[in-house]
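The structure appears below as structure tokens.
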Amino acid sequence: MVSLKSGSTSEPTDASAQMNTAAMICKGVWKVFGPNAERFLAEHDSKASYEELIAAGLIGAVRDVNLEIRQGEIFVIMGLSGSGKSTLVRCMSRLIEPTAGEVFFEGQDLLKMPEKDLIEIRRHKMGMVFQHFALLPHLTVLGNVAFPLEVQGIDRATREQTACELIELVGLKGREDYYPRELSGGQQQRVGIARSLAVKPEIWLLDEPFSALDPLIRREMQDELMRLQNMLHKTIVFITHDFYESIRLADRIAIMNNGGIIQIGTPEDLVTNPATDHVADFTRDIPRPKVLSARSVMAPVDDRLTFTSSVPAETKIEVLAADIVDQKGPIGVTDGEGKIIGQITPEAVFDVLLHRGTKE
Amino acid sequence: MRATFSRAIAYAFGRRPELVFWLVVLAATVALFAADELLPWAVEYPSEWVIPLRFWVSDFMKWLINEADLGLFTFKQFTRSISWVFNWFLAASFGVLSEGVKIPLGGEALFHLPSLSWIALIAMLAIMAYSIRDWALSLLVGICFLYLAIFGQWGSAMVTLSSIVVAVPLGILFGLLLGILAYRHPWFERAITPLLDLMQTVPVFAYLVPVLFMFGFGPVAAMTATMIYSLPPMTRCTTMALQLVPTEIVEFGNMAGCSHRQLMWKVMVPSARPTLMVGVNQVIMLSLNMVIIASMIGAGGLGFDVLHALRRLAIGVGLEAGVAITVLAIALDRLSQAYAGKAPVRVKKKVSFVRRHPHLVAALAIIVATTVTGFLVPAVADYPESLTVTTSGFWEKLVTWINIHFFDTLDAIKSGLLLNVLIPFKRFLLSLPWLAVMGLLALAGVRLGGWRLSLGVAAMTAFVAVTGNWEKAMISTYLIGVSVVLASGIGMPIGIWAAGNDRVHRAVQVIIDTLQTLPAFVYLIPVVMLFRVGDFSAMIAVVAYSLVPIIRYTDHGIRQVPPSIIEAATAAGCTHRQILLKVQMPLALPEIMLGVNQTIMLGLSMLVITALVGTRDLGQEVYIALTKADTGRGIVAGVCVAMIAMVADRLISAWSTVRKKQLGLS
């Protein structure tokens, strides 16, 4: 009765066939730390559990990760510290050399690419934001934002004009001549964001960008990110250890544990269909009305009833709750073409609001 | 009485079984004494067994200079060309600061461009200090240099300064490059680390000998020695600074698409600035220290004045030059430290050059103005000699007065210590069988750090014996031993006092920071004034020079004892005394021992310099080698000093590490 999009795993098929929709594809990516890691992996046919690696004195920071990141989506990689999420995002940009696997970006395997080409891709197609901002202390805000253009050899006037526009975009106009130490944490990260956008990247990697900030500032920055994304429509890979942050921002979430990906899905998928207890632990306390849509809570249509009103299936419970309580009776749920596909009773909404039992 | 005594021994043994072990070792040593008749070679190293290493080194150096061919050019051509380049630099800085530059105008005519006027230099430095920090620093630097002018030290100080002006940038540059190389290639770091260790423990004189041999007597040789001497700390600082750059910064640099060169010079080196500046400050201070000592191979300047005065026992002149060195050291140290701590300041764009750089413009204006008026008014160009003040007469009188009134007291102290402590201890050490000493040190190595440490220590000790320097090394050991004990006896109470009282702490910090900036040479002057020459004078100089670390580490060690432990002890009803003796001291001891270790290192470097006041130890050996330009003798004796230093360092560090681990402090 609950309609689900493809759930727990998404198997990437042929890389070139998917290039229209996929911005990046990871295939069997491994990063194993320790002596002779490559040989160990080869001997085990690239199949080894976390425990087997530990027994061999190795650490499987990233284990057999397969995923595809779609054009224009916000793809969140969520996991606790030590789960390998930061290592994974560094494998995607080859800041860390993976032990095995393939990372396709624009149809090319980044891992087989000569350094010269890699530098070109980083200079023009990738932007990264860091947890602790990683601003250069000896440069002003302007100098920092213009830095990625400077190393490309772009002349001063052009790069400073671009930088000024970006500084204005992130709301720091008037602070171009400040040094990083003169800014608050939130402001510093705004500089980090502006700097990562300077090269107009195709893929935007954000490594726990808001984790070092106070909760209130963090929220403000999340809103800021959504505002920028609505303007820019970048492909975003967002790393976080905060599940609330994931459900606020994500189109899709990948949950990592011990270096492996446990589940990939929309926030709603994860809440309604957690693949493991580990995922269920994350989803247990999240505000369900914000995540669940009418589709997830609707019941089959009872033919004897007619509905005075109806809502589209994608409407979040949070939005329809007030209406349905006023109605004191079930309302219809429609699909994209306006056809009734189910109904929602006030009781079902109460269950969601009061966190009473789970659907199914 | 007897019963209590034996019970006390049993108690001690019961708690410390290792004591039995050491007593057995001691007994074995005594037995070796007795075996003098049976095994004479184990007591005194036979002279026919000495390996003529020093002659091999000398022969090698001769071959290097006279015959070595590096393919494209000979070694001699190599040193000559270096010498030519350095000489050019030196001549330029000397011209600007001291002599002026003669510009040929064609034919016989010469235009004499004068050197920087004394007013211009003082004003320039004061403005620099102001723009870096504030008025206070500006005033300090100004007064320091004004002193040099007023007390007639300007000429010599400028000679010294012109060497530093060349040696420091070169030292920084080469140190930076070596450090970057060591950062990029771990094998290179592994290769140079022991070399840097050795370079930092070999006494300064030992540098002078081969440099003298290669470059001859003169300012270039002195400058080269100065530069080489300041390389190791800069190299280490660079490698460490680069390793300390946050990973994210490096990752950002890579993500921005930096090439290797861009990553190093645009991202890593600027980010590493604070740590790098520590290295720069060290280069400046070490260069000053060395350029003074290098007056022995022709550096000239203030160092030469001191050396000359020491040789003639002209106290007043020597003291004046000594104070000039001190003043120069303080000014350079404070300036470079202020510069190191300075963060970049925001400047408004789109204002004129003059508005953006007011200090630079002011300094340039003063330089031009004083140079022009200098042609008309000579007093502006050079400080008028008639206005110089000399205090040497006063100092002479003061010393004479002290000697008249306190000679008996001083002499009594001196001979009392000599007869009752120094000489007996010296005799004891000299009579120890060398094999026993080596065995004891090796055993200590096993107990503190295992077989590798033990073998290393034994090999280093053996080196001293095998190269035929045992007796002189024992004299060095005795001098350094007595000095360290004395320094600890003075320094520890001061450190404890400073740890307990914040005001004392601040005062002591200022004093020891200043003491640490003084070149070693300066310490010799008052000592010679009061005690003339000999072992006792040497000891006093060593104690004075090496006092700083023991104070610093004691203070720091006690202060870092966690407050919660002190609170617990207070709550348990401990008195202040009990807290100090039963809680703070045991916990601070590993740190204090590191201070003792540093004291030994500093003491050894000073000890070699005290050869000037007539000791008969390894330092004297190096000094003699220097006067005879006997490279092999100097280097081997220098390495022997380094061996003593490294044996002490390895053993003490090992103990401190073990103890810290036991106490859960590391």
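The values are calculated or read from the model by the stated rules, or taken from the named source; none is laboratory data. Everything numeric in this text was worked out from a predicted model, so none of it was measured. Please note: Cβ atoms are built from the backbone with ideal geometry, for glycine as well, and neighbour counts cover all protein chains shown.
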Exercise for the section: Within segment A:44-73, work out how many residues are charged (D, E, K, R), touching a strand residue (DSSP E or B) at 6+ places or on another chain (Cβ under 8 Å) and assigned to a loop (DSSP other than H, G, I, E, B). Expected result: 2
Fill in the blank from the handout: Those residues of segment B:298-309 which are part of a helix (DSSP H, G or I) and either among the acidic types (Asp, Glu) or buried (at least 22 other Cβ atoms within 10 Å of the Cβ) (or both) amount to B:301, B:302, B:303, B:305, B:306
Practice task
Taking residue B:519 as the residue in question, decide whether it is touching a helix residue (DSSP H, G or I) at 6+ places or on another chain (Cβ under 7 Å) and at pLDDT below 90.
Solution key: yes
Exercise for the section: Please list, ordered by first then second residue, the pairs with beta carbon atoms under 6 Å, 6 or more apart or interchain, first in segment A:61-75 and free of Cβ contacts under 8 Å to residues at least 60 places away in the same chain, second of a type outside the set (Gly, Ala, Ser). Expected result: A:68/A:12; A:68/A:25
Exercise for the section: For segment B:270-289, indicate whether the set of residues that are basic (Lys, Arg) and away from every other protein chain (no Cβ under 14 Å) is non-empty. Expected result: no
Practice task
With respect to residue A:276, determine if the residue is over 30 Å from residue A:99 (Cβ atoms), in contact (Cβ under 8 Å) with a residue 12 or more places away in the chain and among the β-branched types (Val, Ile, Thr).
Solution key: no
Exercise for the section: Tell me which residues, restricted to segment B:214-247, are more than 14 Å from chain A (Cβ to nearest Cβ), among the aliphatic types (A, V, I, L, M), closer than 30 Å to residue B:267 by Cα and over 21 Å from the mean Cα position of the chain (by Cα). Expected result: B:242
Practice task
Would you point out which residue out of A:168, A:182 is within 11 Å of chain B (Cβ to nearest Cβ), surrounded by fewer than 19 Cβ atoms within 10 Å (Cβ to Cβ) and more than 22 Å from residue A:86 (Cα to Cα)?
Solution key: A:182
Fill in the blank from the handout: Restricting segment A:111-134 to residues that are over 19 Å from residue A:200 (Cβ atoms) and of a type in the set (A, V, I, L, M), the one farthest from the other protein chains (Cβ to nearest Cβ) turns out to be A:111
Practice task
Sort out for me the helices (runs of 4 or more DSSP H) sitting completely within segment B:35-131 that have 2 or more residues that are at pLDDT 75 or above.
Solution key: B:53-66, B:75-94
Problem - Matching strands (runs of 3 or more DSSP E) fully within segment A:254-360 where at least 1 residues are among the charged types (D, E, K, R) and modelled with pLDDT under 80 - result: none
Practice task
Report yes if some residue within segment B:267-286 is farther than 28 Å from residue A:114 by Cα and touching a Gly at 6+ places or on another chain (Cβ under 7 Å); otherwise report no.
Solution key: yes
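Listed here are the residues, each with its yes/no results for (1) more than 23 Å from residue B:344 (Cβ to Cβ); (2) among the small types (Gly, Ala, Ser); (3) buried (at least 18 other Cβ atoms within 10 Å of the Cβ); (4) within 11 Å of another protein chain (Cβ to nearest Cβ).
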position	(1), (2), (3), (4)
A:151	no, no, yes, yes
A:158	yes, no, no, no
A:162	no, no, yes, no
A:172	no, no, yes, no
A:193	no, no, yes, no
A:216	yes, no, no, no
Exercise for the section: For residues that are aliphatic (A, V, I, L, M) and in a helix (DSSP H, G or I), scanning just segment B:248-268, find the one that is farthest from the other protein chains (Cβ to nearest Cβ). Expected result: B:264
